[in-house]
Amino acid sequence: METDRKDGRTANQLRPLACTRNVLNRAHGSASWSQGETKVLAAVYGPKAGTKKNENPEKACFEVIWKPKTGQSGKAEKEYEMILKRTVQSICVLNVHPNTTTSIIIQVVNDDGALLPCAINAVCAALVDAGIPLKHLAVAICCSLSESGHILLDPSKLEEQKMKAFVYLVFPNSTLSVLPDESLKVRGEPTEHGLITSFTHGVMSVDDYIRCLERGRAATAKLSDFLRRSLQSQVQSESSKLG
């Protein structure tokens, strides 16, 4: 039963990944990211001079605007904006462009499950495309828990609806960090052993959460490798055009 998924995937298998940078002409940075039929566009504008009210002018400020596929933004979208903003603030170097605001626009193209992790991955690629200074890359994944206690990674929309609970996890990828080695450690542990963001929907036990954490961390190695290869190949192709 653990591997009985409509699309034939195993419990730990991710859907096909696709990432393209520089997809919007007027944005300072942009990227599209898809996992299976879920697809998101991310655009970055800025940094522009000045910060918003209640923001620290001694650091770079970010605003996130989530645009659903149809209709108006509601409570869920506002929650996504908050999670994305906190995630971005965690991975960006905030003292390079103090007293500036960078706007990040998320456009949902299609939602077939694991939408927020897909958006986070798109934003990370768009920030790289915009040249925003990052401490390190980050990758996000959704781990879902079935009523029978099985964990399924990267669920489709249909699977999400049948799940008892699911958790969105964002892990750092320090392999491409700009920080010194010692800065990449928290209490002596390498950054990649850490966790940037965790958001749980539904109810799960501590043991189930830890299982999700372990399975999610193991799976993000593939996501990290895909993101690095996507970014590097596109940089190389851009360099060859300039040459």
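The values are calculated or read from the model by the stated rules, or taken from the named source; none is laboratory data. For clarity, every value in this text was computed on a predicted model and none was experimentally measured. Glycine gets a Cβ as well: all are built from the backbone with ideal geometry, and neighbour counts include every protein chain shown. Accessible surface areas use protein heavy atoms only, side chains included; no ligands, DNA or RNA. Shrake-Rupley method; radii C 1.70, N 1.55, O 1.52, S 1.80 Å.
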Distant-in-sequence amide H partners of G194 (H built 1.01 Å from N, under 5 Å) = none
query = Treating the beta-carbon of each Lys and Arg as +1 and of each Asp and Glu as -1, no other charges, what is the dipole magnitude of the chain about its Cα centre, to the nearest 20 debye?
reply = 560 debye
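Pairwise over distinct Cα atoms, reciprocal of the mean inverse distance: report the Kirkwood radius of the stretch 29-94 in Å, one decimal place.
Numbers: mean 1/r = 0.0729 Å⁻¹.
One over the average 1/r among Cα pairs gives 13.7 Å for the stretch 29-94.
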key: Percent breakdown of C-alpha pair distances by 5 Å bin, ordered from the shortest bin, for the stretch 67-169   = 2, 11, 21, 21, 18, 13, 8, 4, 2, 0, 0
remark   = Per residue, accessible area of the chain with a 1.4 Å probe, heavy atoms of protein chains only, in Å², comes to 51 Å²
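Probe radius 1.4 Å, ligands and nucleic acids left out: which of K75, K135 has the largest accessible area, and how do the rest follow? Write out the running numbers ahead of the final one.
Details: K75 180, K135 65 Å².
If we order K75, K135 from most to least accessible, we get K75, K135.
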Given K39/K69; K78/K162; K67/K135, the pairs whose alpha carbons are separated by over 20 Å = K78/K162; K67/K135
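Just how many % of Cα pairs in the chain lie over 25 Å apart, if you round to the nearest whole percent? Walk me through the numbers on the way to the answer.
Numbers: 12308 of 29403 pairs.
The calculated P(r) of the chain puts 42 percent of pairs beyond 25 Å.
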task = Any cysteines in the chain with zero other Cys Cβ atoms under 4.7 Å from their Cβ? List them, or say none.
result = C19, C61, C92, C118, C124, C142
ask   = Considering amide H positions built from the backbone, and no H for Pro or chain starts, which residues 5 or more places from F62, or on another chain, come under 5 Å of its amide H?
value = T102
ask   = If you place +1 on the Cβ of every Lys and Arg, -1 on the Cβ of every Asp and Glu, and leave all else neutral, what size is the dipole of the stretch 123-164 about its Cα centre, to the nearest 20 Debye?
value = 100 debye
remark   = HN-Hα couplings for the stretch 44-58 via Karplus (6.51, -1.76, 1.60; θ = phi - 60°), in whole Hz with x for Gly/Pro, come out as 10, 10, x, x, 10, 4, x, 10, 7, 4, 6, 9, 7, x, 7
query = For T10, T101, what's the largest-to-smallest order of accessible area, 1.4 Å probe?
reply = T10, T101
task = Report, in order of residue number, the helices in the chain meeting two criteria: a C-alpha extent of 20 Å or more along the helix axis, and a mean Kyte-Doolittle hydropathy of at least 1.6; treat each whole DSSP H run as one helix.
result = 115-130
task = Considering the options N25, A76, P47, tell which one lies farthest towards the positive end of the dipole of the stretch 1-83, charges being +1 on Lys and Arg and -1 on Asp and Glu at the Cβ, about the Cα centre.
result = N25
inquiry  = Please report the antiparallel percentage of DSSP beta bridges with both residues in the stretch 5-147, rounded to the nearest 5.
reply    = 75 percent
request  = Please find, in a Gaussian network model of the chain (springs between Cα atoms separated by less than 10 Å), the residue of L169, L158, L227 whose mean-square fluctuation is greatest.
outcome  = L158
task = Note down the accessible area of S198, probe 1.4 Å, to the nearest 10 Å².
result = 50 Å²
